[in-house]
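Okay, so here's the structure we're looking at.
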Amino acid sequence: MKRLLTCAEWVRVHYQAIIITTVILGLLLGLWTTTPGQALQQYSQPLTFLMILFISFSIRPQQFALLRYQPAAVAAGLALSFIYMPILCWVLARLLVSDPQLAIGIILVGVVPPAGMGAVWTALLKGDVPLAMAINGLTMLLGPFLIPPSVALLAGSSVTLSPWGMFQQLAVILLIPLALGIAGRWFADRLWDVRPYLPVLPALSALTAVLLMFAICNVNVPLITARWQLVPSLLGAVVLIFPLGFLVPHGLGRYLFPWPQRVAITYSSGMKNLPIAVGLAFASFPKLVGLPVALAFIVQMLTASLFYRYLRAQVEPSATRTPGSAGTKQAA
């Protein structure tokens, strides 16, 4: 078990490098053959199911109680996830991307729930971790019901889609594994202490997401080479999503919430559960739709890391000034 925990920690620390390497490998290999990606694509639904099941086991039913005790903070997190981020991605897609399939991929980035990694960044910045986990759990639960109408509304007539069919796909890849994971955790907590084993599950979920990301990069190479002129505008749109996803909520939160809640809400907005978008792209759309999602993996991790450094620089000086100023007063 100790070896598994060590491996899980290694995945967590090096996840950004793993993502970048996977995207590059998938694209380079796609210049020669797309067979590996096509083989993995056949298993996209079970892989997405397992990915959500692993991460859902870390959600406890008690986390939803924060809706009662911190309603404003939870409501802000939900509004950012299901209103602000979808509209932001829709605006960027309309302004910068002319291909309808690529535009749908950018919209998918905006409509999916926040990622569980948001709670990790929140903890590192001494934010409100229970709030971050509550927002994550609620958005996962609401996602299957809100994502289909959101995509249908924002996509308009640019692409043919079935909201009911999308809901059925989300029920399989999100709602069922989420329910099984939460119920499994509830029962497991009554039988033994599972906390020492929990760090392994996010690592398994992350590695499953890496397989999906490799597949979507690999199978899209022929489409990229055929439409290479679209790539610069696509990159421009993807690069803007996450800085705006972090900076705007954080700036507005200064006037509404204390630091711990603001950090939790900001990372719940800026960190998106992109593996869900990958699974949905495979299940309900043409292959090209998944390309913006694959590129967003890299940009999201880089932005989250840079924003963490920015926020840490804000916290640490204030943390060092406070004791110093107190000490000066006592000496006087």
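What follows is calculated from the coordinates using simple rules that are stated; it is not laboratory data. Please read all numbers here as calculations on a predicted model, not as lab measurements. Using ideal geometry, Cβ is built from the backbone for each residue, glycine included, and neighbour counts are taken over all protein chains shown.
Numbers for the structure displayed
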quantity	calculated
Whole-Å semi-axes of the stretch 81-215's equivalent ellipsoid (Cα gyration tensor)	31, 17, 14
Neighbour-limited loop hits for trypsin sites (Lys or Arg not before Pro), the stretch 153-244 (at most 14 other Cβ within 10 Å; DSSP other than H, G, I, E, B)	R190
Charge sum, other residues only, whose C-beta stays under 13 Å from V200's C-beta, Lys/Arg counted +1 and Asp/Glu -1	+3
Trypsin sites (Lys or Arg not before Pro) within the stretch 234-301, DSSP loop, no more than 13 other Cβ atoms inside 10 Å	R254
The stretch 164-223: chymotrypsin sites (Phe, Trp or Tyr not before Pro) falling in loop per DSSP and having at most 15 other Cβ within 10 Å	W192
Volume in Å³ per residue [convex hull over Cα atoms, computed for the stretch 133-195]	86
Whole-Hz ³J(HN,Hα) from phi, Karplus 6.51 cos²θ - 1.76 cosθ + 1.60, for the stretch 296-307, glycine and proline x	5, 3, 5, 5, 4, 5, 5, 5, 4, 5, 5, 5
Whole-number Å³ per residue for the convex hull built on Cα positions in the stretch 96-135	78
Ranked by how many other beta carbons lie within 10 Å on average, peptides 6-15, 69-78 from highest	69-78, 6-15
5 angstrom amide H check on K272, placed H, neighbours 5+ away	A115
The stretch 2-315 - percent relative contact order, Cα under 8 Å, separation 6 or more	36
HN-Hα J in Hz across the stretch 114-125 - Karplus 6.51, -1.76, 1.60, θ = phi - 60°, x for Gly and Pro	x, 7, x, 4, x, 5, 5, 4, 4, 5, 5, 9
Extension reserve of the I83-L142 stretch, reckoned as 0.36 nm per residue once the Cα distance is removed	19.9 nm
Degrees, to the nearest 10: 274-284 long Cα axis against longest axis of the chain	20
Cα-derived Rg to Rh of the stretch 2-315, Kirkwood definition	0.95
Residues Y197 and A123, FRET efficiency given R0 of 30 Å [Cβ-Cβ distance, rounded to 0.05]	0.95
Angle in degrees between helix 2-13 and the longest Cα principal axis of the chain, rounded to the nearest 10	80
Ranking of D193, D99, D128 by count of other Cβ atoms within 10 Å, fewest first	D193, D99, D128
